[in-house]
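The values are calculated or read from the model by the stated rules, or taken from the named source; none is laboratory data. Please read these numbers as outputs of a predicted model, since none were measured by experiment. Note that each Cβ is placed from the backbone with ideal geometry, even for glycine, and that neighbours are counted across all protein chains shown. The accessibility values were calculated without ligands, DNA or RNA, using every heavy atom of the protein model including side chains. Shrake-Rupley method; radii C 1.70, N 1.55, O 1.52, S 1.80 Å.
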Amino acid sequence: MVKIYRFYMVDVKELYIAHCMKNKKFENYLLVVIMLISNFSYAQKMDNIEEKNLNFQSYFFEALKQKAIKNYSKAIVNLEQCYEIDSLNIAVDFELSKNELLLKNYAEAIFFINKALEKEPKNSYLLKHKVAIYKAQRNFKDAIEIQKRVVEIQPNNIDELLLLYFQNKDYIKAEKLITEIEKKAFSTQRIKSLKKYLENIKLLKTTTNIKIKPSLKDIDIKILKVAYNQNKNYKILVEILKREVKNELFEALYNDSQQALELFPAQPYLYKMNGLALNKLRKYNEAINVLTLGIDFVIDNTIMEADFYEELSKSYKGLNNMNKALKFMQKAKDLRNQN
């Protein structure tokens, strides 16, 4: 094609000199040749662009496929090919960050999400992902600062900011934020639960400092309940719930854990017991609601997190939703394999 192009250029030049633009037919001929050359060049460029687009799409969808089957390293290799074709594509940066996070390569995950945010600093999806990276590192302080930016864009995400304050054990700021939320008449079930926890936090501290004597395990469950009703000792409550599970007293387990949640609404163990009781009572939808709410309070405890996923798996199995049942069971297995 290049040779043809050069032939046209030489031919046109010689004809131009010979005729000096005197022949009208030659002028028309010249215009046609110039148009042919321009169209050829344009077509060549379009072919190159089309080829690049097709290659980009092929690599990108292969990356999504590999990510779906948990081949995160292979997904990254394909995304790097996308990056060579289009280094300005935000979707590539975003997906690279996601896969690096799944591989627990936190520094790389932050690097790529920052590159994406340079292009779209107010993209809430990108900001939420950055929060997820910091949460995975248990870096709640930085997660809070990014979540503030999310709330500026999407005010309905304020409950996640409140939860981050709790996870960072910054109860003073959490209380102030609850006051602001109530002034705006905006609240959710999660916010109400966290507010109850703040109201009872002093009681929680005093009761959890009391140590259970070894002989307590030998005391009858009825006596334990009398003792609990007198001082609301959280340690005694845990012992009661354990006894109810062991003796398959699931109605009692449900009632006691439900009442306890009103006093200790941020204790994930109580949500787990309540969800377990609901599963045993075949109230699967209610169990899913309780377990989904409670898992947010699990902090730096992969064993308990796995327990939640196992109970959620049982709930969905009870509803004959085997896809979700298997999904949550796999999550539980993955967490247990980390220990």
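Bridging of residue 222 to aspartates and glutamates at a Cα separation below 19 Å is possible for 239, 244, 248, 251, 256, once same-chain residues fewer than 8 apart are set aside. Beyond 32 Å between alpha-carbons counts as too far, so tell me which of 119/183; 173/333; 135/195; 192/314; 148/196; 98/169 fall in that bin. The pairs that break the limit, which is 32 Å between Cα atoms, are 119/183; 173/333. With R₀ fixed at 41 Å, the C-beta to C-beta distance from residue 122 to residue 74 puts the FRET efficiency at about 0.80. Please say if segment 244-294 is rounded, prolate or oblate, where rounded means a/c under 1.5 for a ≥ b ≥ c the square roots of the C-alpha gyration tensor eigenvalues, and otherwise the choice is prolate for a/b larger than b/c and oblate otherwise? Oblate, because a/c is 1.5 or more while a/b does not exceed b/c.
Taking a straight Cα-Cα cut-off under 13 Å and skipping sequence neighbours fewer than 8 places away in the same chain, the aspartates and glutamates within cross-link reach of residue 122 are 152. Model label sites at residue 104 and residue 248, defined 7 Å from Cα along the beta-carbon direction, differ in position by 3.9 nm.
Between segment 123-145 and segment 71-88, the C-alpha centres lie 23 angstrom from each other.
State whether segment 49-168 is rounded, prolate or oblate according to the following rule on the C-alpha gyration tensor (a ≥ b ≥ c being the square roots of its eigenvalues): a/c under 1.5 gives rounded; otherwise a/b larger than b/c gives prolate, and the remaining case gives oblate. Don't skip to the answer; put the middle values down first.
Values: a/c = 2.73, a/b = 1.85, b/c = 1.48.
Note, shape of segment 49-168 comes out prolate.
As a calculated quantity, the FRET efficiency between residue 182 and residue 338 at R0 = 41 Å, using C-beta atoms, amounts to about 0.55. Accessible surface computed residue by residue for segment 49-168, with neighbouring protein chains in place and a 1.4 Å probe, gives 53 Å² per residue.
Whole-Hz Karplus values for segment 156-171 come out as 6, 8, 5, 5, 5, 5, 4, 4, 5, 4, 5, 5, 8, 6, 9, 6 Hz, taken residue by residue from phi with 6.51 cos²θ - 1.76 cosθ + 1.60 and θ = phi - 60°; glycine and proline positions read x.
With the simple spin-label model, which puts each label point 7 Å out from Cα in the Cβ direction, the residue 320 to residue 262 separation comes to 3.7 nm.
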